[in-house]
Amino acid sequence: MYQTTIKSIGKDAKAFEAEKMMILFGDNAPSELADFCYVINLVSVDEEIKAGDILKLDDVSYQITSVGDAVRKNLNDLGHITLKFDGSTEPGQSGSLYLEDKEIVEVKPGSTITIEK
């Protein structure tokens, strides 16, 4: 349904891991945000993303627990969403994808992000 590659990691991007978050952005991340983002290739999402689908960081799977209303549009247009690893079953923010509360695996440039049924 969706697969992209992490191109680069902003120097302060890992700071949000303590808050169980990763901020994704395509190449057009504003300069004031770029240091906090995982920059990804802009790739279209083929289908609607739903709770129960699986997001993978490389080979580590995370169940999607809820999906903000703007996630698909934002991924398609900007590559910009926030991954929240807190297990929320109600999307609090329209641009956030909520995942099971599980340790965030370390990723690097070249790592893949995949969403599948």
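The values are calculated or read from the model by the stated rules, or taken from the named source; none is laboratory data. Keep in mind that what you see is a predicted model, and the values were worked out from it rather than measured. Note: ideal-geometry Cβ built from the backbone for every residue, glycine included; neighbour counts use all protein chains shown. Remember, those area values only see protein heavy atoms, side chains included, never the ligands or the DNA or RNA. Shrake-Rupley method; radii C 1.70, N 1.55, O 1.52, S 1.80 Å.
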Query raised in the report: Is it true that Ala18 is assigned to a loop (DSSP other than H, G, I, E, B) and either surrounded by fewer than 20 Cβ atoms within 10 Å (Cβ to Cβ) or at pLDDT 95 or above (or both)?
Result: no
Report task. Could you check Gln3 against (1) open to solvent by less than 50 Å² (accessible area, probe 1.4 Å); (2) in contact (Cβ under 8 Å) with a residue 60 or more places away in the chain and say which number it fails? Result -> (1)
Query raised in the report: When residues of region 22-77 are filtered for being in a loop (DSSP other than H, G, I, E, B) and either hydrophobic (A, V, I, L, M, F, W, C) or free of Cβ contacts under 8 Å to residues at least 24 places away in the same chain (or both), how many remain?
Result: 13
Requested in this report: Could you pull out the residue among Ala13, Ala51, Ala29 that is out of contact with any His (no Cβ under 8 Å at 6 or more places or on another chain), farther than 19 Å from Thr114 by Cβ and either among the hydrophobic types (A, V, I, L, M, F, W, C) or open to solvent by less than 60 Å² (accessible area, probe 1.4 Å) (or both)?
Outcome: Ala13
Query raised in the report: Which of the residues that make up region 87-117 are in contact (Cβ under 8 Å) with a residue 40 or more places away in the chain, open to solvent by 70 Å² or more (accessible area, probe 1.4 Å) and either under 13 Å from Met21 (Cβ atoms) or touching a Leu at 6+ places or on another chain (Cβ under 8 Å) (or both)?
Result: Asp101
**Report entry** Residues within region 5-26 that are of a type in the set (D, E, K, R) and farther than 18 Å from Lys108 by Cβ, tallied
**Finding:** 2
